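Encoded as structure tokens, the structure appears first; notes follow it.
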Amino acid sequence: MTYLLPELPTSVGCSVTPLIDGAEHSAAIREALESVGPDGFVYLTGWWLGLGRGGFELLPNGDARLTEAPPYCVDPWPEGEPFVDPANEESALVKLLAARIAAGAEVRALGWVSASAVRHPRATKLGGAAHVTAINTLTLRSLRELRAVGAEALPSTIGHLAGSSHSKLMLISDGRNTVGFTGGLDLELSRWSRPDHHGKQIWHDVVARVQGPAVQGFYDHFRTLWEASRSGRPQNLPLDNARFVSVPASTTSLPPRAVPISATEGSQSVQNLRTLPATKYPWYVPTRPTSLPEANVFEYRDALRHAIGQAQRYVYLEDPLMWSGEVMTWVRDAVRRAPDLRVILLTAGVDDPNDPPLPHPEYFCQTVNHALLAGLDDTEQARISAYRRRGVVVHAKTVLVDDEWACIGSCNLAQRSLYTDIEHGIAFTGGVPAYREKLWSHHLGTTPAGALPAWLDAWPTAKPLDRVALPVDEVPFSARQRRRYQDFHDPDSRQWRVRIL
């Protein structure tokens with residue numbers, strides 16, 4: 001039995017270190033940057049780049065107001081963290097990158113920007129997405145800061161009209177070895193948290209630090225996005241009463257190359273997982289392609305479906321959305337097939353404060369009651385449990401199967417992540433039990449003694465968790481809500497079209 005997808009390339013001899021929450025992630029970034037010199041490089045891409053104190057807050061009228069700091073960030077800021085230097089409120093990460101540039105290193109950055117959102121904020125607000133304009137503005141400010149210190153920095157305006165460039169990836173090389181980071185955590189101030197989630201530190205996330213041959217896939221993915229962004233027609237994007245040129249004339253190409261990798265790294269096997277959306281779709285003008293060189297790449301979907309299909313002991317899904325009925329049907333089928341299989345779902349105890357109100361109860365009801373539990377008898381349903389992490393934004397996107405396979409990345413359990421947004425992550429084998437113990441002890445608030453059954457049995461009584469009664473209370477789901485779900489909140493690029501609502 002193989003849990004890795006046979007059709008995908010597999011990199012052996014890798015080392016994967018799961019990093020839980022922002023404090024561990026930022027410390028690993030700082031450590032990796034320290035050795036970068038004239039032969040090195042740093043490449044990063046994110047859905048939201050927030051490299052300073054700027055933030056925003058959502059207003060009751062649906063607007064989003066830019067602020068000096070995120071309203072729920074840590075204050076005072078811990079000295080030495082690589083996002084903000086509290087002495088002068090400058091971005092410490094930008095300063096670290098500036099020092100690497102001064103030492104001769106190459107630094108490139110991509111940040112997702114919807115050109116229509118920053119050009120037409122009023123229309124974006126009417127569509128319920130004022131937060132996108134605010135996030136894109138903060139990303140453009142970060143790109144401007146990076147350009148000021150000598151980095152090449154581009155807004156990533158590529159992709160599907162209903163999607164985004166959602167990869168959160170960083171690649172750091174000292175010229176002799178390269179380390180990659182991929183996961184759910186944006187380089188943004190309010191995402192930082194220690195594992196105890198004390199006070200305003202409400203954000204939980206997971207990032208994989210990867211070394212070994214698999215980092216070549218990180219480079220290839222970043223290069224795909226860089227070249228697609230660079231080759232687009234330059235745009236003048238509005239920013240703080242001025243214009244931000246999307247692609248300066250001095251922007252250089254990123255050639256195909258083999259990244260430097262240490263001869264011996266580890267014993268784990270890794271697959272790079274991507275989502276690259278369909279390039280043509282119905283619209284009110286003739287269909288047009290995106291600028292991506294590849295399309296209909298749904299490796300994340302295929303890897304998830306295959307691994308869940310192999311499950312015998314447990315499937316653990318941790319995600320803020322849980323919107324994909326398709327994923328839940330794979331889990332349901334696994335429960336029917338494997339009589340001893342246990343299923344655990346973990347999602348957020350509080351909503352992401354950066355998002356406008358979303359119909360989470362309606363979507364969760366459709367996913368759980370009408371996909372996951374549909375057709376299961378009482379005995380089968382009893383092997384499925386769901387929890388919320390009390391007071392914490394569970395933003396991680398990770399799945400574990402049987403202590404044999406795990407994935408970490410930017411892909412939510414939602415149709416938009418499987419088919420429409422640009423995503424990146426990894427699947428790996430080897431070291432999964434250690435990852436499971438680290439992650440679960442973080443949520444359980446304790447470290448159970450014993451083997452896997454003891455850990456599975458600890459979930460119902462864990463103090464940091466609220467158990468969700470299954471099936472959940474039925475919530476009406478109108479035809480209008482279904483259209484909005486399909487067209488805007490969770491679109492599928494293979495069949496997307498906008499209708500008058």
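Things to note:
- In the range 103-123, the residues that are crowded, with 21+ Cβ neighbours inside 10 Å and in a loop (DSSP other than H, G, I, E, B): Ala105, Val113, Ser114
- Some residue of the range 254-261 being among the small types (Gly, Ala, Ser), out of contact with any strand residue (DSSP E or B) (no Cβ under 8 Å at 6 or more places or on another chain) and in a strand (DSSP E or B): no
- Some residue of the range 325-339 being at pLDDT below 95, within 30 Å of Leu126 (Cβ to Cβ), out of contact with any strand residue (DSSP E or B) (no Cβ under 6 Å at 6 or more places or on another chain) and not hydrophobic (A, V, I, L, M, F, W, C): no
- Top-ranked residue in the range 230-248 [being of a type in the set (Gly, Ala, Ser) and modelled with pLDDT of 95 or more; ranked as farthest from Leu140 (Cα to Cα)]: Ala242
- Residue list for the range 389-436, restricted to those being in contact with a Cys (Cβ under 6 Å, 6 or more places away or on another chain) and within 14 Å of Ser167 (Cβ to Cβ): Lys397, Ser417, Glu423, Gly425
- Condition check for Phe244: farther than 30 Å from Leu4 by Cα and assigned to a strand (DSSP E or B): yes
- Some residue of the range 141-151 being touching a residue at least 60 places away in the same chain (Cβ under 8 Å), in a strand (DSSP E or B) and assigned by TED's automatic domain parsing to the domain that holds Ser116: no
- Pairs, first surrounded by fewer than 24 Cβ atoms within 10 Å (Cβ to Cβ) in the range 388-406, second of a type in the set (Gly, Ala, Ser) and modelled with pLDDT under 95, C-beta under 9 Å, six or more apart: Val392/Ser193
- Selection status of Leu413, touching a Lys or Arg at 6+ places or on another chain (Cβ under 7 Å) and crowded, with 21+ Cβ neighbours inside 10 Å: no
- Among the residues of the range 284-321, those that are at pLDDT 95 or above and among the hydrophobic types (A, V, I, L, M, F, W, C) comprise Val297, Phe298, Ala303, Leu304, Ala307, Ile308, Ala311, Val315, Leu317.
- Unique residue being at pLDDT 95 or above and assigned to a helix (DSSP H, G or I) when the list is Arg388, Arg416: Arg416
- Any chance Leu49 is modelled with pLDDT under 90 and of a type in the set (A, V, I, L, M): no
- Per this entry, Leu154 is not counted among residues that are within 17 Å of Val42 (Cβ to Cβ), part of a helix (DSSP H, G or I) and out of contact with any Gly (no Cβ under 7 Å at 6 or more places or on another chain).
- Hey, Ala434 at pLDDT below 95 and surrounded by fewer than 20 Cβ atoms within 10 Å (Cβ to Cβ) or not: no
- Residue match in the range 335-347 (condition: within 24 Å of Leu456 (Cα to Cα), outside the structural domain of Thr45 (by TED's automatic domain parsing) and acidic (Asp, Glu)): yes
- Which listed residue, of Arg257, Arg230, Arg243, is on the phi < 0 side of the Ramachandran plot and free of Cβ contacts under 8 Å to residues at least 24 places away in the same chain: Arg243
The values are calculated or read from the model by the stated rules, or taken from the named source; none is laboratory data. Because the structure is predicted, anything quoted here is derived from the model rather than measured. FYI the Cβ positions are ideal-geometry reconstructions off the backbone, even for glycines, and counts take in every protein chain you see.
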